[in-house]
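Peer 1: What follows is a structure written as structure tokens; I'll ask about it next.
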Amino acid sequence: MSVSSMALAQTLLNGALLGCLFGSIALGLSVKWGHLGVADFFHLSLTLLGAYVTYSLVSEQLWDPFLTLVVTVPAFFLIGVGVQWIFLALKAEAFTALLITFALFMVTESAVSMIWSPDLLNLRPMLADSFTTSLRLPEPLPQLAVQPVDLLALVCAVVMVGVSAFALGRTRSGRAVQAMRQDSEIAQTLGVRVVPLTLAVSGLAASTAAVAGMVVALRMPLSPSLPLQWIGAVVVATMLGGLGRPVGALVAAIVVMMIQNAWSLWFPPQWSPAVAFGVLFLFLAGGPAIRFVRESMTARRLA
Amino acid sequence: MSLLRCTGVTKRFGGVTALAEVDLEVNEGEIVGLVGPNGSGKTTLLSTIAGSLPVSAGTIEFAGRDITRSTPHHRAHAGISRTFQVPRPLPSFSVEENVATGCMFGRDSMGRTAALAKARTVLELVGLGEHAGSEVGKLTLHERKFLEIARAIALDPQLILLDEVLGGLNPSEAALGMELIASLRTRGMSVIYIEHNVRAVSTLADRMYVLNQGRNLAHGLPADVLDDPRVVEAYLGGPTDA
Amino acid sequence: MFSMIKKPAARGIAVSACAALLLSGCGGVVKEDGKKADPAADLPDAEIVSPIAGMECKTDAEPTGDPIVVGGSLSLTGPLAPTATLHKAVGDLVVEWVNDCGGIDGRPLEWKVLDDQGAPATVTSNYERLIGDKVDFVMGPYGGAAALAGAGPVTRAGYAYPTATNGAPDKLIGENHFPSWHIGGGVEDPTKMFAAQAQTFVDAVKSGANPPKSVFYATSKFPTTLSYTASTKPALEDAGAKTVGDVEYDLGTTDFSSIAIRIQNADPDLVYVGGLGADITNLYQAFDAIGYTPKGIYVALPAPAAVQGLGDKADGLLLSSIYENHPPLGDTDVAKYFAKSYSEIAGKEKLFPLVETQAAAGFSAWQILLTGINEAGVDNKAVIDWLNGHDVETLVGTANFDGFNNYGSDFTRVAQIQDGKRVLVWPEDVAGAEIDEKP
Ligand SMILES: Nc1ncnc2c1ncn2[C@@H]1O[C@H](COP(=O)(O)OP(=O)(O)OP(=O)(O)O)[C@@H](O)[C@H]1O
Ligand SMILES: [Mg+2]
């Protein structure tokens, strides 16, 4: 099948923008995994929950979607704090924590289908045409289309990732988080209040799920099993980007989705979910392979 | 005036009693030496004072307040800082970031920029000025030990706990270290200073304590302690520099 | 320290809020008339009548005596729950209806449902349990795999097995099988099962002013949809419609952007989507993203709520159907009473409120069972014999059980969304309107 360069450009653009959404989700996962040592699958459920709450507030209370953040962001902060508090109270090991988040992941799916029905919910028909109609990029670019909601995803991703990266790298609290991640005991002897800091990080990570959830509600129809569809791309992006690195997670999500989309343009689309894992595999296998080649070349040179 | 007072401090690890009813007191402006054979409980005592380990029994008072149950970061804020026998720098931070972390969260907390500036003066003080931007992995053992001291100083403590900071250094490095420790007093700090080398301790310390198998063996002026027959016995009757 | 972390985050929220305001400034995000219109709002009131032919509705008689118990298994939780919940609602409705009419032969009807969570093994054990509990009759579960899983114990115990859904209609169940959704048109060769629906579809598109000359196929990897596409593609090609693209995608795919771009690239007269559930919503989302409007589009098994959710964009969309709520099929007293009571219970369960394929098939399966009981008594063997020898009037048409696997005449029809409403457009005898094909 011949594919025009225009179609390719459009595919890559779509992939990049969807990658922004997945990057926003991966952000929280990456921060919690990298800095608190918890691979928190519940974060995906929180994103879904954020989407459903947004849906209800918009469709039933007729709130502006952005106004919902006033409710969801603080509420999710508290949920994030609560979950982490449970881990601390139970003195949960990484594996126990993983099991707990997985259990919460399953429970949320059932709870969501009970509260909102397992049926498909779609906010789109309620959105103004100006928000659902695609925009054409200006003339020099070959007439590519973007959806306003994707631009919103882009803005949210860049702002959240930017703020997180800045906070982690440049602020006092960010340094405390990094110190804690490297050696919690040392951080404590240096005066870092590990417990409140851990709770705050978990709370803030959960807050990002509220924002990502709002974008999800505006972007796609909701069903309780959505997180299962995100999990591949999000986990791969988290790992590829380097645990605990916000910018890495976003860039990786964008790259993975671009590759995945471009793949489906030429190859059977049903394989595209596997592409993300393929990229991760190449990345994981590629490192040692390159090292091996380099070492054997040096060895030969020395011999 | 008494700054730190440990009374009947006991620490058990399962069946092992690492400390049994140990008493120790440090006065303001004092350098106290803490010696004892391997495994006598010196590091453990230090950890209970810094809060890294909870005590099994006994009390610890600092500046007139009971801190027995305080968290390590509370004690850091109250003015206690420590080093580790095996240096434990934060591996992905640069040398100055390691020290700045102590400045930021220590006794008087400060912003990152101020902390970095202060970290540089502390590094100058311990002679690591030119390594400020280096990765910690590139440091030699003696530089790591001095980084450990610098990071403890960075908290601006009233009491600094030094765990064998001079062990494994060559004589000229050790001399530099002794000078540095002596200077801490002039900066308003009291010091507990663990050392294997009893001679080295005796030249620096105002008073010293000897632990043996987790118990107080002797304490007093260095000259008196070194003459104590029990101390000589504990070090197998051998020369005092074990 | 708390405040130090929060500050940048707060700043971030402020920035997003500004961006949001900017966006809202250019026209707002939510429509002024945000609330959804209720598609069931203008259903006429209806009088209660007997749900089946040959029975009288005695609203003043309380049913008495031992209940006639019908056991069933449905995936009330799990991935199949959206549609299974609908079948549960239909069953509840029928039981209440029958009892409001004085029961069957004066005895009350009772329905006992176990949750199988969509797991075939659980379906099997649920029916074993129900039969062990000596239920009088059984009703089939939801989903093709579940129907097959239940067939074993049900057939062995000699029970009649009415079913409403056919994920795998070519798998033989037997003479005790009474499907309400007839696929196959009485064929004897299971490999030709889907030929009749394909022919219906081809006839439907040919009946319009502008039959498609090029078709792009996008099919979900799901047994039924694969079978639909596999039989429809050659039939359309024979009718002169060139295949300009053919892709398959995984069940549950949500990102259709590459498929949409392929379709845009090929720009066919008809997009044939062998999809189910929410696929159509996600595909339209992807069309929107690239600003593409398909010339014509057909979807095999979309969720009614998904089609409803497309709003105006769905106009002209074709879909497979066995029933839509309009004359002639929807004009009977039974259909009207069912439509009204169903919209009430569906409203409570947050289901799509109009009767369409699934609800109609579910109800028809109950009609088949109840007719059998009413005619032959509370005895499975007698009911099986009676049903095999007679036609049954159901909501979706006259059912007979003559062909392979007891399938009678094919019930697959073609519906279209016209002016926001679902109407059957083919075959002519049940159609409410003519097919509308844009040039
Ligand atoms: N975490 C622990 N778990 C169990 N036992 C421990 C632990 N830490 C120390 N011990 C034991 O407590 C005793 C005292 O150890 P400690 O490290 O305090 O001795 P030390 O005087 O510092 O010795 P060294 O001169 O070798 O540094 C030893 O018997 C040691 O094995
Ligand atoms: Mg020690």
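The values are calculated or read from the model by the stated rules, or taken from the named source; none is laboratory data. This is a predicted model, so every value here is computed, not measured. Glycine gets a Cβ as well: all are built from the backbone with ideal geometry, and neighbour counts include every protein chain shown.
Peer 1: Name the single residue, out of those in region B:31-44 being among the small types (G, A, S) and buried (at least 22 other Cβ atoms within 10 Å of the Cβ), that is farthest from ligand 1 (Cβ to nearest atom). Step through it out loud before you land on a result.
Peer 2: Our first condition is that a residue be among the small types (G, A, S); within region B:31-44, this holds for B:33, B:36, B:39-41.
Remaining after also requiring buried (at least 22 other Cβ atoms within 10 Å of the Cβ): B:33, B:36, B:41.
Details: B:G33: 13, B:G36: 5, B:G41: 4 Å.
By that ranking, first place goes to B:G33.
Peer 1: Which ones in region A:185-218 are over 30 Å from A:D150 (Cα atoms) and away from chain B (no Cβ under 14 Å)?
Peer 2: First pass over region A:185-218, keeping only residues over 30 Å from A:D150 (Cα atoms): A:185-199.
Within region A:185-218, A:L199 is the sole residue that qualifies.
Peer 1: What single numbered condition from (1) modelled with pLDDT under 95; (2) more than 16 Å from ligand 2 (Cβ to nearest atom); (3) within 15 Å of the chain's Cα centre (by Cα); (4) within 14 Å of chain A (Cβ to nearest Cβ) fails to hold for B:Q85?
Peer 2: (2)
Peer 1: Something else: Could you list all residues from region A:266-284 that are surrounded by 22 or more Cβ atoms within 10 Å (Cβ to Cβ), of a type outside the set (S, T, N, Q) and facing chain C (nearest Cβ under 8 Å)? It would help to see each step written out before you state the result.
Peer 2: Just the residues of region A:266-284 that are surrounded by 22 or more Cβ atoms within 10 Å (Cβ to Cβ), to begin with: A:269, A:272, A:276.
Now narrow it down to the ones that are of a type outside the set (S, T, N, Q): A:269, A:276.
Selection gives A:P269 alone.
Peer 1: Here is a list of conditions, (1) more than 14 Å from chain A (Cβ to nearest Cβ); (2) more than 16 Å from ligand 2 (Cβ to nearest atom); (3) closer than 21 Å to B:I49 by Cβ, and B:V231 meets all of them except one; can you say which number that is?
Peer 2: (3)
Peer 1: With the requirement that a residue be of a type in the set (D, E, K, R) and in contact with a Gly (Cβ under 8 Å, 6 or more places away or on another chain), what does region C:309-355 give you? Spell out how you get there, then give the answer.
Peer 2: At the first step, the residues of region C:309-355 found to be of a type in the set (D, E, K, R) are C:312-313, C:315, C:324, C:331, C:333, C:336, C:340, C:344, C:348-350.
Hits for region C:309-355 are C:D312, C:D315, C:E324, C:K336.
Peer 1: Just give me the residues in region A:217-252 being hydrophobic (A, V, I, L, M, F, W, C), farther than 14 Å from A:F277 by Cβ and assigned to a helix (DSSP H, G or I), in sequence order. Don't jump to the end; show me each part of the working.
Peer 2: Start the filter on region A:217-252 by keeping residues that are hydrophobic (A, V, I, L, M, F, W, C), which leaves A:217-218, A:220, A:222, A:226, A:228, A:230-231, A:233-237, A:239-240, A:243, A:247, A:249-252.
Going one step further and asking which of them are farther than 14 Å from A:F277 by Cβ, we end up with A:217-218, A:220, A:222, A:226, A:228, A:243, A:247, A:249-251.
Hits for region A:217-252 are A:A217, A:L218, A:L226, A:L228, A:V247, A:A249, A:L250, A:V251.
Peer 1: How many of the residues making up region C:340-372 are of a type in the set (V, I, T) and touching a strand residue (DSSP E or B) at 6+ places or on another chain (Cβ under 6 Å)? Step through it out loud before you land on a result.
Peer 2: Residues of region C:340-372 of a type in the set (V, I, T): C:345, C:355, C:357, C:368, C:371.
Keeping just the survivors that are touching a strand residue (DSSP E or B) at 6+ places or on another chain (Cβ under 6 Å) gives C:357, C:368, C:371.
Adding up the residues that qualify gives 3.
Peer 1: Quickly run through region A:132-150 and pick out the residues that are more than 8 Å from chain C (Cβ to nearest Cβ) and either within 21 Å of the chain's Cα centre (by Cα) or among the acidic types (D, E) (or both). If you could, list the steps in order and put the result at the bottom.
Peer 2: Just the residues of region A:132-150 that are more than 8 Å from chain C (Cβ to nearest Cβ), to begin with: A:135, A:137-144, A:149.
Listed by number, the residues that qualify are A:E139, A:V149.
Peer 1: May I ask you to list the residues in region B:45-79 that are over 18 Å from B:V201 (Cβ atoms) and near ligand 1 (Cβ under 9 Å from one of its atoms)?
Peer 2: Filtering region B:45-79 for residues over 18 Å from B:V201 (Cβ atoms) gives B:47-48, B:50-79.
Once the filter is applied, which keeps residues that are over 18 Å from B:V201 (Cβ atoms) and near ligand 1 (Cβ under 9 Å from one of its atoms), region B:45-79 yields B:S47, B:L53.
Here is a yes/no grid of residues against (1) in contact with an Asp or Glu (Cβ under 6 Å, 6 or more places away or on another chain); (2) not hydrophobic (A, V, I, L, M, F, W, C):
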| position | (1), (2) |
| --- | --- |
| C:N380 | no, yes |
| C:D385 | no, yes |
| C:L395 | no, no |
| C:T398 | yes, yes |
| C:F411 | no, no |
| C:I435 | no, no |
| C:K438 | no, yes |
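Peer 1: Also: Please go through region B:194-208 and give me each residue that is part of a strand (DSSP E or B) and within 14 Å of ligand 2 (Cβ to nearest atom), ordered by number. Spell out the reasoning first.
Peer 2: Going through region B:194-208, the residues part of a strand (DSSP E or B) turn out to be B:194, B:207-208.
B:I194 - this is the single residue of region B:194-208 that is part of a strand (DSSP E or B) and within 14 Å of ligand 2 (Cβ to nearest atom).
Peer 1: Also, I was wondering about something else. Could you please find all residues in region A:150-189 being in a helix (DSSP H, G or I), out of contact with any Ser or Thr (no Cβ under 8 Å at 6 or more places or on another chain) and β-branched (V, I, T)?
Peer 2: Within region A:150-189, A:V158, A:V163, A:V177, A:I186 qualify.
Peer 1: Being in contact (Cβ under 8 Å) with a residue 60 or more places away in the chain and more than 8 Å from every other protein chain (Cβ to nearest Cβ) is the filter; apply it to region C:270-303 and report the residue that is nearest to A:N14 (Cα to Cα).
Peer 2: Just the residues of region C:270-303 that are in contact (Cβ under 8 Å) with a residue 60 or more places away in the chain, to begin with: C:270, C:277, C:283, C:295-296, C:298, C:300-301, C:303.
Next, only the ones that are more than 8 Å from every other protein chain (Cβ to nearest Cβ) stay: C:270, C:283, C:295-296, C:298, C:300-301.
Working: C:L270: 24, C:L283: 13, C:K295: 22, C:G296: 24, C:Y298: 25, C:A300: 27, C:L301: 27 Å.
Of everything passing the filter in region C:270-303, C:L283 is nearest to A:N14 (Cα to Cα).
Peer 1: Moving to a separate point now. Please determine whether any residue of region C:262-269 is crowded, with 18+ Cβ neighbours inside 10 Å, free of Cβ contacts under 8 Å to residues at least 24 places away in the same chain and in a helix (DSSP H, G or I).
Peer 2: Residues of region C:262-269 that are crowded, with 18+ Cβ neighbours inside 10 Å, as a first pass: C:262-265, C:268-269.
Then keep just the ones that are free of Cβ contacts under 8 Å to residues at least 24 places away in the same chain; that gives C:265.
Imposing the further condition that a residue be in a helix (DSSP H, G or I) reduces the set to C:265.
Yes, because at least one residue in region C:262-269 is crowded, with 18+ Cβ neighbours inside 10 Å, free of Cβ contacts under 8 Å to residues at least 24 places away in the same chain and in a helix (DSSP H, G or I).
Peer 1: While we're on this one: So in region B:137-166, with the set limited to residues that are within 16 Å of ligand 2 (Cβ to nearest atom) and in a strand (DSSP E or B), which one is farthest from B:I80 (Cα to Cα)?
Peer 2: Filtering first and then ranking leaves B:D163.
Peer 1: Does at least one position in region C:92-113 carry a residue that is closer than 19 Å to A:S113 by Cβ, assigned by the TED database to the domain that holds C:D60 and without any contact (Cβ under 8 Å) to a residue 60 or more places away in the chain? Give the steps one after another, and end with the answer.
Peer 2: Of all residues in region C:92-113, those closer than 19 Å to A:S113 by Cβ come to C:92, C:113.
The next check asks that each one be assigned by the TED database to the domain that holds C:D60; those that pass are C:92, C:113.
Of the ones still in play, those that are also without any contact (Cβ under 8 Å) to a residue 60 or more places away in the chain are C:113.
So far as region C:92-113 goes, yes, one or more of its residues are closer than 19 Å to A:S113 by Cβ, assigned by the TED database to the domain that holds C:D60 and without any contact (Cβ under 8 Å) to a residue 60 or more places away in the chain.
Peer 1: Tell me which residues, restricted to region B:33-66, are more than 16 Å from ligand 2 (Cβ to nearest atom) and more than 14 Å from chain A (Cβ to nearest Cβ).
Peer 2: Within region B:33-66, B:V55, B:S56, B:A57, B:G58, B:T59, B:I60, B:E61, B:F62, B:A63, B:G64, B:R65, B:D66 meet the criteria.
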